[in-house]
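Comments concern the structure below.
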Amino acid sequence: MQGLLLTSFTATSSIGTGCKTTLAALRSQCSGIARKHWESVNFETCIGEVEGLDSFAIRDDLAVFDCRNNRLAQLGLEQDGFTHAVRNAIKRFGKERIGVFLGTSTSGIHSTEIAFRNRETISGKLPVDYDYRHTHNSYSIADFVRRYFDLIGPAYAVSTACSSSAKVFGSAQRMLASGLIDAAIVGGVDSLCLTTMYGFNSLQLVSTNPCKPFDVHRDGISLGEAAAFVLVENTANAVSGDIIMTGIGESSDAHHMSSPHPDGLGARIAMQSALQVAGLRATDINYINLHGTATQSNDAAEDKGVTAIFGTKTPCSSTKGHTGHTLGAAGAVEAIICALALQNDFAPGGVGTKIIDPSLTCRYLLSNIDQPMHHALSNSFGFGGSNCSLVFSKVVA
Amino acid sequence: MQPGFFQGGRLNALQIHVDGIGLFGPGMSGWTHACEILTGKATLELAPIQLPPTENLPPAERRRVGVPIKLSMAIGFEAVRNACADPAQLATVFSSSEADCDNIHSILESLASDDREISPTRFHNSVHNAPSGYWSIATGCMEPSTTLCAYDATFAAGLLEATTQALSSGKPCLLLAYDTVFPEPLYSLRPIPYALGVAMVLNPFKTKAAHALLTLNMSSSSATTLSDNGLEELRIRIPAARSLPLLNLLADGTSGLVVIEYLDSINLSIGVQL
C-alpha cells in the first residue's frame, strides 16, 4: 500500500486545545473527564467537555453552519498551525486537488434537539433560524471544513459510529492512490448531544464515574467530545522523524448491532490486515492504542483479539480515560495520540484504571513508559460491527 | 499499475465494470421493472415505494428494522443476484443523505418531551451505518464496509468511494446508495418526496457478469437531465436518483456519456461502454 504522510495534525478535546496541551496531559496522565450537569440533562454524569464552546464565535462568512459541532471544528482547525499547513498545500497542489473526508456520528444534531423543544405550538414548525442542512446533516462537517478553506475537491462525511474517523484514512488513501487528489484533510468531529447521552444511558453503557478501561470494576463509558484533523499526502517528501500511516485494516463483525463479537473476531481481522498491509510483524508494534471504551463486553472482546495476535507483551492502553469516548472523533484523536507517542518516544499509560481486570491478559499500561518508538497501532470499533485498525510508523533516516 | 487506474493528463480517470444492478423507488419495483420505465415501455406511476420482505434476518431483527434497512436489503440482494456474486465476499459502501429518518424523528420527539426515555433499539438503529450492520449480519459478510453522507451527492460520492475501494483491493465492491423520507417538521426543510435506492456490484476485472464498463472523471460540465418529466423530477428531488441518467443508459443498453451531479463545484462524468 502507498503510505500516507501526516503533513500536519491537530487535536482538541477535554484534555487539551491543540497538540501541545494534549501531549502535556498524556505526559502527566491527566484526565479531562469531570462530573457535571450538561445542558438540560436530568442526571449527573461524568463527561469530557471542551470548555468555551457555548460562547465560541464561528467565522462570520460561515454563520449558517453555526452549531456546537462546527464551533468545535473551527476551534480545532485553528490550532497547531494547521490552517497554515492546509493553505500551503493549496499553493502546492491546487484547491481542486485536496479532498475532505471527515468522520462524525451525530454531527450537529444538538441544534435539532433544541429546535424540537422550540417548535411552534399550533403548526409544529421548527424555528425559522434553524438550519438542517448546515448543522444536523452529517455532511455539514465536511462541507464546513471544505468551505472554511474554499476547497473544491472531493468531499464526504464517513459515519460508521465510533470507527468513523479511523476509516477516513482509508478513504483518503484510496483517493490518493487513484490519482484523484494530491492531499486530503481527514479527521473527525463529534460533540456532546442529548441523543448520545440518553441513548448510551438507555443501553446502560454509561458509567456513573469517570470511565476505567480494562479495570476489574469497569462499568461503562464516559462521553467526550473532540475535533481532530490530519493533513495527509503521499510519502514522496517524507523526512526523518515524520509520521506515516503505513497500514489500515477494516472489517465487519457480522454479529450484533451494539455488542462486539465475543472473541473479538472482527477486531482480529482488522488488526491482522493492518499489520499485513504495513508489512510488519506483531512484534514490530511498540504500542497499541486500544479502543478500550470501558464497557464489560467491549474490553473483554478487544483483549481477546489483541492477545490472539500480539500475545501479552506489547504495551497497550486506552486513552478514553483521558478524553472520554469522543465517538466519531475517537479514531482521529487516537491516531494523533499515536503520532505524538511516536514523535516523543513514549507509550502513554491509561488514566482512571486502578486494578487491571485479572481476566484480561494484554499488557495494559497504568503509567507511561519511555521507550524508542517506531510503530504504533490504533484500534477503533463501532456499532454495527464496524472495525478499523491503523498502523503509524516513524520515518528513520 | 493496478487495474482501472490510468493517467490521462492532470485529471485521472477510473474504470470499473458494472456486474449487477438493484433498484427500488416510487413506482419502480426492481431493476427489470425499472428498465421498462427508463426505456419508455411503461409509464412511471408515482406511488410510495413497495419493498419485498427483508431477507435473511431473524424474525426478531426483522420487526425492528425501518425503511433504510429494508430498502438497502432489497437493492443489495437484487444487485448481488444479477451479478451472480456471493454477498459474503463483497466489501460494501453505503451512501445516504440521512440515517433512518423516521427513527431520528421519533428520538427527537422523545428528547423534546418530559419523558426523555429512548429505547435501546431505537438508539442503536439511529447510527448512519445501521443498514451496513444489518447487511453484514444477514449475509455473514466480514469484509470492509463504510457508510457515507454527502447531502445531495449520495450517489456520486458513493460511486467514487466504491470504485476506489474495488480498484485498491482488486476485488468487487457493492455500492448501495439510497435516501428515505422525513416526516414533518423536518420534511419541510429536507423535502425528499419518496424513498429510492440503487445498488451496483462494481468489479475491477471484466467477467462474464459484466454489463458495462464505466469510466469516471471529475467534470465541470452541467449534469445530464432526463427527457421524461416524471423521472427528471425524481432526479432533482431525491439525491440517490441523481443516478438516473446513468441508469437510463444502462437500461437502454447503449454506450454514451452522462454527467452526474456531485458537489456544488464539481460533477462526475461517466463514460458507459457496453
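Hey, among the residues in the stretch A:275-294 that are in contact (Cβ under 8 Å) with a residue 60 or more places away in the chain and in a loop (DSSP other than H, G, I, E, B), which one's farthest from A:LEU203 (Cα to Cα)?
Among those that are in contact (Cβ under 8 Å) with a residue 60 or more places away in the chain and in a loop (DSSP other than H, G, I, E, B), it is A:LEU280.
Considering A:GLY153, A:GLY124, the condition of being assigned to a loop (DSSP other than H, G, I, E, B), more than 7 Å from chain B (Cβ to nearest Cβ) and of a type outside the set (Ser, Thr, Tyr) is satisfied by A:GLY153 alone.
Listed here are the residues, each with its yes/no results for (1) surrounded by fewer than 14 Cβ atoms within 10 Å (Cβ to Cβ); (2) at pLDDT 95 or above; (3) in a loop (DSSP other than H, G, I, E, B).
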| residue | (1), (2), (3) |
| --- | --- |
| B:PRO3 | no, no, yes |
| B:ARG10 | yes, no, yes |
| B:LEU14 | no, no, no |
| B:ASP19 | no, yes, no |
| B:GLY22 | no, yes, no |
| B:HIS33 | no, yes, no |
| B:ILE37 | no, yes, no |
| B:GLU45 | yes, no, yes |
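Selection of the stretch A:174-207 for residues being over 17 Å from the mean Cα position of the chain (by Cα), more than 7 Å from chain B (Cβ to nearest Cβ) and not in a strand (DSSP E or B) yields A:LEU176, A:ILE181, A:ASP182, A:MET197, A:PHE200, A:ASN201, A:GLN204, A:LEU205, A:SER207.
How about the stretch A:86-98: which of its residues are at the interface with chain B (Cβ under 10 Å from one of its Cβ atoms) and not charged (D, E, K, R)?
A:GLY94
Restricting attention to the stretch B:102-121 and to residues that are of a type outside the set (S, T, N, Q), within 28 Å of the chain's Cα centre (by Cα) and within 18 Å of A:PHE383 (Cβ to Cβ), the residue that is farthest from the other protein chains (Cβ to nearest Cβ) turns out to be B:ILE104. B:HIS124 passes every criterion in (1) at the interface with chain A (Cβ under 8 Å from one of its Cβ atoms); (2) in contact (Cβ under 8 Å) with a residue 24 or more places away in the chain; (3) closer than 24 Å to A:ALA157 by Cα apart from (2). Restricting attention to the stretch B:58-102, the residues being of a type in the set (Ser, Thr, Tyr) and either within 18 Å of B:HIS17 (Cβ to Cβ) or assigned to a strand (DSSP E or B) (or both) number 2. Checking each residue in the stretch A:363-389 for being in a strand (DSSP E or B) and away from every other protein chain (no Cβ under 13 Å) picks out A:ARG363, A:TYR364, A:ILE369, A:ASP370, A:HIS375, A:ALA376, A:LEU377, A:SER378, A:ASN379. From the residues in the stretch A:102-121 that are among the charged types (D, E, K, R) and facing chain B (nearest Cβ under 8 Å), which one is farthest from A:THR160 (Cα to Cα)? So the residue we want is A:ARG119. What's the number of the condition B:GLU61 fails, among (1) more than 11 Å from chain A (Cβ to nearest Cβ); (2) of a type outside the set (Ser, Thr, Tyr); (3) out of contact with any Leu (no Cβ under 7 Å at 6 or more places or on another chain)? Every listed condition holds for B:GLU61 apart from (1).
The values are calculated or read from the model by the stated rules, or taken from the named source; none is laboratory data. All values derive from a computational prediction rather than experimental measurement. All Cβ positions, even for glycine, are placed from backbone atoms using ideal geometry, and neighbour counts span all protein chains on display.
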